[in-house]
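**Student:** Before I ask anything, let me first share the structure, which is written out below as structure tokens.
Bear in mind that the values in this text are calculations on the coordinates, not laboratory data. Since the model is a prediction, treat every value here as computed from it, not as a measurement. Glycine gets a Cβ as well: all are built from the backbone with ideal geometry, and neighbour counts include every protein chain shown.
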Amino acid sequence: MKTIVIVSLIIVVFGGGYALFQNGAEIDHNNTDSVLKESDDVANIEENTATETEVSSEENEVDDVNETETQNVREFTMDSFLFGYSMEEIKVTQGDTVTINLTSSEGLHDWVVDEFEAATEKISAGGNTSVTFVADKAGTFEFYCSVGSHRAQGMVGKLIVE
């Protein structure tokens, strides 16, 4: 709204300056009144347009609030190390958007859940990566490290979607 007011003022100032310049610096009160009236009309049109835009934004905000209420964003940070994760179980609600931030304190690892086609990149010690997915199915799902035989050696956990 402030931007619209500033732009309107700039238009008025430059419009008035232009009118003076066109008239050879002579002041024609009739022309000045006409320029001011036109500037007021432009300001009113811009103000009405701004009001319509603000109403649209408010309607969008209401829609966004409704979407947020029905869909939670859940974020988890876990470390991976030789044959394990710092979290063995993750619980979320069906429909949640889930982000897994994975770090590695030792070794080469990733994080995978087949049922959601969710997988991070493989990272070495000191690295970090993440994956985001929607938990759109209820149940208990295994997450695991797909590197070598890490999964077989117990580098697994449970993702519980309620």
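**Student:** Filter the stretch 67-125 down to the residues that are free of Cβ contacts under 8 Å to residues at least 24 places away in the same chain, under 16 Å from PHE141 (Cβ atoms), touching a Ser or Thr at 6+ places or on another chain (Cβ under 9 Å) and assigned to a loop (DSSP other than H, G, I, E, B) and list them by number.
**Tutor:** Result: THR120, single match.
**Student:** Sticking with this structure for a sec: Here are PHE143, PHE133: which of them is aromatic (Phe, Trp, Tyr), closer than 18 Å to VAL73 by Cα and part of a strand (DSSP E or B)? Give the derivation first.
**Tutor:** Details: PHE143 fails: closer than 18 Å to VAL73 by Cα.
Exactly one of PHE143, PHE133 is aromatic (Phe, Trp, Tyr), closer than 18 Å to VAL73 by Cα and part of a strand (DSSP E or B), namely PHE133.
**Student:** Can I ask one more? Taking the residues in the stretch 111-122 that are in contact with a Leu (Cβ under 7 Å, 6 or more places away or on another chain) and of a type outside the set (S, T, N, Q) as candidates, determine which candidate is surrounded by the fewest Cβ atoms within 10 Å (Cβ to Cβ). Working first, answer last.
**Tutor:** First, the residues of the stretch 111-122 that are in contact with a Leu (Cβ under 7 Å, 6 or more places away or on another chain): 111, 113, 120, 122.
Then drop every residue that is not of a type outside the set (S, T, N, Q), which leaves 111, 113, 122.
Working: TRP111: 27, VAL113: 21, LYS122: 16.
By that ranking, first place goes to LYS122.
**Student:** Answer with yes or no whether GLU75 is exposed (fewer than 12 other Cβ atoms within 10 Å of the Cβ) and either at positive phi or touching a strand residue (DSSP E or B) at 6+ places or on another chain (Cβ under 6 Å) (or both). Walk me through it before giving the result.
**Tutor:** Working: exposed (fewer than 12 other Cβ atoms within 10 Å of the Cβ): yes; either at positive phi or touching a strand residue (DSSP E or B) at 6+ places or on another chain (Cβ under 6 Å) (or both): yes.
Spelling it out, GLU75 is indeed exposed (fewer than 12 other Cβ atoms within 10 Å of the Cβ) and either at positive phi or touching a strand residue (DSSP E or B) at 6+ places or on another chain (Cβ under 6 Å) (or both).
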